[in-house]
Amino acid sequence: MKNFGYARATNIGEAVQSISQKPNGKFLGGGTNLVDLMRENIEQPDFLVDVTALGLNKIEELEDGRIRIGAEVKNSAIINHPVIRERFPVLAQAIAMGASAQLRNMATTAGTAARSCSISAPTKTRRTTRR
């Protein structure tokens, strides 16, 4: 793993400012995917901005019945939340089946979503025509 700089953001503005000044910087939340990729030298950021202190770790019931899940909420908190288990059981089940308990205790909502998007994003293919 190569050396990298590190800063812990205390608010969203600071996080955005820190990462915008580092072209090869990455946000660090739970770190379950990023740290593994760094160990394998697949990801080699020059700078990490720790976003675990931004206060985005809440699950809130909204007046209209929806649920707001913060970006820093651990996956284990989602599957153990009584309202999610009652009203959104498929979400709780999908997260429970996606990783071990140890990973769910570290993995965050934002990290899981970001990783899922990068896995399922279509790749560009080159179209060839026959003559």
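The values are calculated or read from the model by the stated rules, or taken from the named source; none is laboratory data. Computed from a prediction, not measured in an experiment: that's the story for all the values here. Reconstructed Cβ throughout: ideal geometry from the backbone, glycine too, with neighbour counts over all protein chains shown.
Worth pointing out:
- Here segment 19-38 is the region considered, the condition is being outside any loop (DSSP other than H, G, I, E, B), within 18 Å of the chain's Cα centre (by Cα) and of a type outside the set (A, V, I, L, M), and the residue that is surrounded by the fewest Cβ atoms within 10 Å (Cβ to Cβ) is 36.
- Note on segment 69-98: among residues that are touching a Lys or Arg at 6+ places or on another chain (Cβ under 8 Å) and β-branched (Val, Ile, Thr), the one that is modelled with the highest pLDDT is 79.
- Residue within segment 39-46 that is outside the structural domain of residue 112 (by TED's automatic domain parsing) and touching a strand residue (DSSP E or B) at 6+ places or on another chain (Cβ under 6 Å) present: yes
- Criterion: under 16 Å from the mean Cα position of the chain (by Cα) and hydrophobic (A, V, I, L, M, F, W, C) - qualifying residue of 48, 62: 48
- In segment 99-116, residue modelled with the lowest pLDDT [restricted to those that are closer than 15 Å to residue 36 by Cβ and in a helix (DSSP H, G or I)]: 115
- Condition met for residue 86 (surrounded by fewer than 11 Cβ atoms within 10 Å (Cβ to Cβ), farther than 22 Å from residue 31 by Cβ and of a type outside the set (A, V, I, L, M)): yes
- Any chance residue 60 is part of a strand (DSSP E or B), farther than 22 Å from residue 21 by Cα and of a type outside the set (A, V, I, L, M): yes
- Number of the exception - residue 6 against (1) touching a residue at least 60 places away in the same chain (Cβ under 8 Å); (2) assigned to a strand (DSSP E or B); (3) hydroxyl-bearing (Ser, Thr, Tyr): (1)
- Single match in 100, 20 (criterion: without any contact (Cβ under 8 Å) to a residue 24 or more places away in the chain, assigned by TED's automatic domain parsing to the domain that holds residue 113 and out of contact with any Gly (no Cβ under 8 Å at 6 or more places or on another chain)): 100
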